[in-house]
1. In terms of modelled amide H atoms, which long-range or inter-chain residues lie less than 5 Å from the amide H of I235?
2. Using the per-residue mean of other Cβ atoms lying within 10 Å as a proxy for protection, in what order, highest first, do the peptides 162-169, 215-222, 38-45, 21-28 fall?
3. At 7 Å along Cα-to-Cβ for each site, give me the label-to-label distance between C256 and D201 in nm.
4. Tell me the Kirkwood radius of the chain: reciprocal of the mean inverse pair distance over distinct alpha-carbon atoms, in Å.
5. Among 113-124, 129-140, what's the highest-first ranking by average C-beta atoms within 10 angstrom per residue?
6. Could you size up the charge dipole of the chain around its Cα centre, putting +1 on the beta carbon of Lys and Arg and -1 on that of Asp and Glu, and report it in debye to the nearest 20?
7. Work from the charge dipole of the chain (Cβ charges, +1 for Lys and Arg, -1 for Asp and Glu, about the Cα centre) and give the residue of A77, P239, A222 farthest towards its positive end.
8. In whole Hz, with x marking every Gly and Pro, tabulate ³J(HN,Hα) for the range 88-93 from phi via Karplus 6.51 cos²θ - 1.76 cosθ + 1.60, θ = phi - 60°.
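Values quoted throughout were computed directly from the atomic coordinates according to the rules given, and no laboratory measurement underlies them. Please read these numbers as outputs of a predicted model, since none were measured by experiment. Note: ideal-geometry Cβ built from the backbone for every residue, glycine included; neighbour counts use all protein chains shown.
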Amino acid sequence: MCLDDFSTGRPENIAHLREHPAFAFIHADVSVAADVPGPVDAVAHLASPASPPDYLRLPLETLAVGSRGTENALELARRNNARFLLASTSEVYGDPLTHPQDEEYWGNVNPVGPRSVYDEAKRYAEAVSQAYRRTLGVDVGIVRIFNTYGPRMRRHDGRVVSSFIAQALGGQPLTIYGDGKQTRSFCYVDDLVRGLVAMLDSSENGPVNLGNPEEWTVSDLAELVLGITGSDAGIEYHPLPTDDPVRRRPVITRACEHLGWYPEVPVVDGVRRTVDWFRNADPAL
Ligand code: UDP
């Protein structure tokens, strides 16, 4: 059962599943209620705007889905005695003071900055999930997802991989924020999904980092996209957003040892596959 309000998702992304006998869809906002008929074996709480322009546009909704939405999803798991998977984020580490980031690091988040609507909502989501586990015995598993990319992203969702690819294919210059020396570690979506399923199938509490430790500067990523697409539109520099983290790379020892999980798709291959998908995708999406 898939529950979504499509505030940042798209019906087209599940169109191929609609006719499947084992698939059902509920159009609803989990911040209001998670009225899903039982029995429920597991609840995967993935709902939230996750791209910075989305959560800056939807600040109160982002706080609501991280807080009330998580509580509603936890209640659904508790009522059904189901496993609960929380999709948390590398953003709980904020602009990290240690590098790379393992799960023991408590983070460096500005609680009143513009990104706090996402970061603090996810930090609360982790806290309330752990409280449900300690107090009510809910079988909680927390994953912290690092930057993920791949087919079915929105062309204009504002994230760096989708933006660069859309710009390059549209003959526009690639927009680098700041000097482009900041880093991110990019995980291909298929790898990430395998990690989520491994966590669901385990009894680990976590938190467990899920991400690809392959670390790229934003400038190198821009060069890669220009190379793969064959675009000669070049690069345009824009101001760095407030509180934009300088470096980010996961330590994934816990995922390797406890889940037997590690990413298999190198960034060069994943970006190539994503470019192919964008080339064939409906330009309106
Ligand atoms: N970024 C950029 N140009 C863009 C979009 C993003 O240079 O058109 C930068 C952004 O400032 C950040 C990095 O790319 O340093 C990753 O941004 P994204 O929004 O994809 O993810 P997040 O900041 O949440 O890690």
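1. L174
2. 162-169, 215-222, 38-45, 21-28
3. The answer from the label model is 2.1 nm.
4. 19.6 Å
5. 113-124, 129-140
6. 240 debye
7. So the residue we want is A77.
8. 3J(HN,Hα) across the range 88-93, in whole Hz: 8, 8, 4, 5, 5, 7.
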